[in-house]
Amino acid sequence: MPLRKGRRGRGGGFSDDEDDDGDRQEAAFSANNRHDDEEYDAVEDTKLSRQTGRLTMAGTMFAFGLFGADDPWGAQGESSDDDDRRVDADLPVWGGADDAVDADDTAADGLTAPRTPPAGGTRAGRWGDDLDSDEYGEDVDENRGWTTLAEAGPGALRASRRRGLGGADGAHGAPGGLQWSWDMAGLTADFREGDGLPDGLQLAGAEPEVVEDEDGTSSLLMPADESICLTLSLGYDHGISPWTLEDDGKLHAYTVIIALRLDNLPTTSLPLFNGGPAALTGPNAKPAESVQVYKNGGVGALGQCGTAETAIKPGRYAWVVVTRKPGDLVTYVNGRRCAEVKLESKAKSDGKKVEVNASFAIDPKQCAILPGSTGSGSDSSEREACGVAIKYMAMRTQTWNDDKVREELLKIRNTDEFAEDREDFKEALADHLSLQPLYGKPPPVWLHPTFCAAFCDHAIEGTGLDGVGSAHTSLEFFALVLKRMLANRSLTALFGSSLAHAEWQACNALLLAVDEAKKLAHRFAQSLQNGHGRMFLSQLVTALAKLKTGEVKLVPSCLMGTPILFVIERVSKERCRFTVVCTDPNLLAYHEAAAEPPKLRYRTCLVLDNVAWARATDEAFWGLAWYVATVNSGKLKPEQLLYEVLLSFLCDRPLDEALGATPGSSSASSGAMGPPPMSIQKSGTAHYRTLSHAFRYLMGARGVGPAARKRVMLMLRLEMLALASHDLAFVRQVSRAERRIIAIACSQIAHHTSKLAPATQVED
């Protein structure tokens, strides 16, 4: 059953059911539909193409698709349902026009409301209580009103803020009513892309030094001098206003994120921040309590260093999160809860009021990050001993709970370690895929057009696979399979035990010829694309001049856009054998046909023997051959120029006379010869069929018998199927269309094998 039948499913496969209307065309299939998060190198973007300059779009990686519409190898398939539902979580969704919000008034670091409340009274800027969404505005209710403090009464602002920070019941980090002024207010410093310090963050006492790490990202290298530290200076532009601060002018509820790397763990402790300025120096200086990294790698404060499983490991980046609300401070390392520190409040002497514990509360105007331990009286520098680097730092005026910490770290790290982990995983899998020698990001072998051409020529006519592929990529694929087949002892012992040593030797010599033709084929494709024919012709003539007696040169060409192949065998110093290989039925008018019902076969290899070597290497001949390959119309059709002019020039007489002298002869002087007629292509697979037919012909020309040739071709196809079986262990899913390709390959192998099996008599 042709592959084009059926209906396309979500995974890019084909169903066996007909469409409801009966005439719906098959949608484009691509590898992106089967692996939404995977990309493969384009079929043209092999490793060899990069060496020869055969990059059609430099720096661009396309999905390795097969049924593309405009670009067969581009990601032309449909996107997944998940992609269609994606919402940019970083963009807030605003209310109606009544809000009169100017987007330009939002802060650069993700504030989700205007800095100045709208006219008509003092407003808290709080979204309405009917908000049915998370803090990023996905699928939110359109009814978002402003709450007027004058209407709500005194204290409404403070109460609404605390509901947003700690929930209505004061639970740690429980989300309540969300306020624009506190949800995303704060600062972000991301050094991974090599950016400098943002507004509101300074490196006091030195110029910032952003260096590149081994993984390709960048980080801020902290100076060894502990008198130099990062200092926060946040204001109205960062969403910090009197409404967000407590009575003492500090932030008592916040979250700080720091991604840092320590080359070595501290010998005592490494302060991260204490909420205020750097520690005072001098003999009478009293060290302030700080959130710190302890010598065992724990992150905490007041003697609470957390659990051993969450300790920072030297030499690796650790994502440290410190979140504080009145009464509690909690630290996290890489998304896991580390230390819990209780901040108990004390009753005043009158017994009526409670003195709020302001430990670690952040002064937005002068908060030091990594202030150093000089104030502790130590003569040594902990920072110098540790070697501190920071790749990311942020501060938010919102308290996070466990789930929120993991959620936010996932968003941040998706562009960093998690993405790198996925790439490392893909590269590890790619190292195991069969086509890894050809591609940096190889596809499974059954997605390569040469594999489909070898097995599915009869089934892909009219589909997106029809006409996909090129001669130079097929040469690379064929050379890889042939090399592996010749080295596969178990396969050759099972199916090739009847081959003589001379026949194996002939196959190995042909492997050398195919391997040498790869670069020339890439040069031809490159010159055909950019029109630099003289460069290719110069290289071709030079390569032919180096051809020695007994050697073969495969020269790729095309006719009316269809790949053909020239095979040049140098039989002596003065003579050669010139063969034109063409498998397209529309271009075989000059090839002898042999009708063997129900099949129509052609001598696809038109061989001219006893050709003068001087004519075969004539630059004028190859110049006209280049013209034939690039022209599509003229006074004479391209096929007429090739067969009636060029080949007649080689024969030194009209081609009809040369072919009519001894038609079909295998030993003719200045005449035609060739292998037995073979089946022609049924779809646009000339890029592989011409190479396959040329290989069969060359085996026969080197003494490999008909039965041995069939066995070699069977072993080649078995090796392709073995590569597909190997790759199945390293892909996560296979679509229905891909299953059908593999099933057709198995069916073809079974049919081919049964034809070669010796006839046996079955006894009752």
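The values are calculated or read from the model by the stated rules, or taken from the named source; none is laboratory data. What you see is a predicted model; the values in this text were computed from it and never measured. Don't worry about glycine lacking a Cβ; one is built from the backbone with ideal geometry, like all the others, and counts go over all protein chains shown. Ligands, DNA and RNA are stripped out before the accessible areas are found, and what is left, the full protein with its side chains, is counted by its heavy atoms. Shrake-Rupley method; radii C 1.70, N 1.55, O 1.52, S 1.80 Å.
Specify which of the listed residues (359, 381, 376) is open to solvent by 40 Å² or more (accessible area, probe 1.4 Å), modelled with pLDDT under 85, polar (S, T, N, Q) and over 42 Å from the mean Cα position of the chain (by Cα).
Values: 359 fails: modelled with pLDDT under 85; 381 fails: open to solvent by 40 Å² or more (accessible area, probe 1.4 Å).
One residue alone meets the criteria, 376.
Looking at segment 555-562, can you tell me whether even one residue there is open to solvent by 60 Å² or more (accessible area, probe 1.4 Å), closer than 14 Å to residue 611 by Cβ and modelled with pLDDT under 95?
Within segment 555-562 (the criterion being open to solvent by 60 Å² or more (accessible area, probe 1.4 Å), closer than 14 Å to residue 611 by Cβ and modelled with pLDDT under 95), the answer is no, since none of the residues qualifies.
Among the strands (runs of 3 or more DSSP E) lying completely within segment 179-281, list those that include at least 2 residues that are over 25 Å from residue 384 (Cα atoms) and either at pLDDT 85 or above or acidic (Asp, Glu) (or both).
The qualifying strands (runs of 3 or more DSSP E) are 186-190, 254-262.
If you check residue 593 against the conditions, is it open to solvent by 20 Å² or more (accessible area, probe 1.4 Å), among the hydrophobic types (A, V, I, L, M, F, W, C) and either under 25 Å from residue 529 (Cα atoms) or touching a residue at least 60 places away in the same chain (Cβ under 8 Å) (or both)?
yes
Of all residues in segment 495-512 being of a type in the set (Gly, Ala, Ser), in contact (Cβ under 8 Å) with a residue 40 or more places away in the chain and open to solvent by 20 Å² or more (accessible area, probe 1.4 Å), which is farthest from residue 703 (Cα to Cα)?
498
If you go through segment 564-590 one residue at a time, how many are surrounded by fewer than 17 Cβ atoms within 10 Å (Cβ to Cβ) and among the hydrophobic types (A, V, I, L, M, F, W, C)?
Residues that pass the stated criteria total 2.
For the subset of segment 608-652 comprising residues that are more than 47 Å from the chain's Cα centre (by Cα) and on the phi > 0 side of the Ramachandran plot, which member is surrounded by the most Cβ atoms within 10 Å (Cβ to Cβ)?
610
What number goes with the only condition from (1) open to solvent by 20 Å² or more (accessible area, probe 1.4 Å); (2) under 29 Å from the mean Cα position of the chain (by Cα); (3) touching a residue at least 40 places away in the same chain (Cβ under 8 Å) that residue 461 does not pass?
Just one mismatch for residue 461, condition (2).
Filter segment 731-745 down to the residues that are surrounded by 14 or more Cβ atoms within 10 Å (Cβ to Cβ) and more than 25 Å from the chain's Cα centre (by Cα), then identify the one that is nearest to residue 693 (Cα to Cα).
745
Would a scan of segment 633-650 turn up a residue that is more than 26 Å from residue 504 (Cβ to Cβ), at pLDDT 90 or above and of a type in the set (Val, Ile, Thr)?
Looking for residues that are more than 26 Å from residue 504 (Cβ to Cβ), at pLDDT 90 or above and of a type in the set (Val, Ile, Thr), one finds at least one in segment 633-650, hence yes.
Looking at 691, 714, 728, can you tell me which residue is touching a residue at least 40 places away in the same chain (Cβ under 8 Å) and open to solvent by 30 Å² or more (accessible area, probe 1.4 Å)? First the steps, then the outcome.
Numbers: 691 fails: open to solvent by 30 Å² or more (accessible area, probe 1.4 Å); 714 fails: open to solvent by 30 Å² or more (accessible area, probe 1.4 Å).
Answer to the selection: 728.
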